[in-house]
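Novice: I'd like to ask you about the structure that follows.
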Amino acid sequence: MSRELDGRVALVTGATSGIGRATALRFAEEGARVALVGRDAEALADVAREAGTRGGEAHAIKADVTSEEDARRAVGETVGRFAALDVLVNAAGIISNGTVETTPLDDWDAMMNVNLRSVFHLMQLAAPHLEKRPGNVVNVSSVTGLRAFPGVLAYCVSKAGVDQLTRCAALELAPQGVR
């Protein structure tokens, strides 16, 4: 069986559930060495064990992507452990309900910090390592970034920001070979 990612190194945020978990496990199946980033140590350990049964090597990193220190540590630990970084997958995300009239500022800030600010910061931290390979960035967004939905204002805005950040970063990083 051909494994397209044999030996490649991926850092996946939100690796304990949903799209992040599924992505991390698929990368493991394809032979990647995967740094799993999430806040729940027990869930990270479960995903790491499962990744190992699928043929990949996984390293769990308990980190909060909104913490600048944790984000730096996650990238540093990934590169320190695997001596490279080929793919950054920003899959961590949160959602809460609210309209322009009802969204508390704390909820707005939390969604912007997890869904958008952390994506920018991790891309910034990973870029020098990705340029050496050259590597790839995958930012997980949503249809809500393209069209409005009632009752999830901050989420829609955060995902629209991710879409534009991705387009701008693609133009800026393309000359260095980063997709």
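The values are calculated or read from the model by the stated rules, or taken from the named source; none is laboratory data. Just so you know, these numbers come straight off a predicted model, no measurement behind them. Please note: Cβ atoms are built from the backbone with ideal geometry, for glycine as well, and neighbour counts cover all protein chains shown. Side chains are part of the model used for accessible areas, which takes the heavy atoms of the whole protein and leaves out ligands, DNA and RNA. Shrake-Rupley method; radii C 1.70, N 1.55, O 1.52, S 1.80 Å.
Novice: Can you compute the FRET efficiency between residue 110 and residue 174 using 1/(1 + (r/R0)^6), with r the Cβ-Cβ distance and R0 = 22 Å? Round to the nearest 0.05.
Specialist: 0.10
Novice: In nm, to one decimal, how far is the residue 53 label point from the residue 67 one, both placed 7 Å along Cα→Cβ?
Specialist: Distance between label points: 3.0 nm.
Novice: For the range 85-136 and the range 137-158, what is the centre-to-centre distance using only Cα atoms, to the nearest Å?
Specialist: 12
Novice: Can you give the log10 of the normalised intensity I(q)/I(0) at q = 0.14, 0.17, 0.18 Å⁻¹, computed with Debye over equal Cα scatterers of the range 1-154?
Specialist: Those come out to -0.66, -0.92, -1.01, one per q.
Novice: If DNA, RNA and ligands are ignored and the probe is 1.4 Å, what is the ranking of 138, 37 by accessible area, most exposed first?
Specialist: Descending order: 138, 37.
Novice: Students often get this wrong: which residues of the range 146-169 have the backbone nitrogen under 18 Å from the point 7 angstrom along Cα-to-C-beta of residue 101?
Specialist: Flagged as within label range: 149-154.
Novice: For the range 26-179, report the accessible area per residue in Å² (1.4 Å probe, heavy atoms, rounded to an integer). Spell out each step's value before the answer.
Specialist: Details: 7840 Å² over 154 residues.
Per residue, the range 26-179 has 51 Å² of solvent-accessible surface.
Novice: Using a 1.4 Å probe on the protein chains only, how many percent of the accessible area of the chain belongs to carbon and sulfur?
Specialist: Percent of accessible area from carbon and sulfur atoms in the chain: 53.
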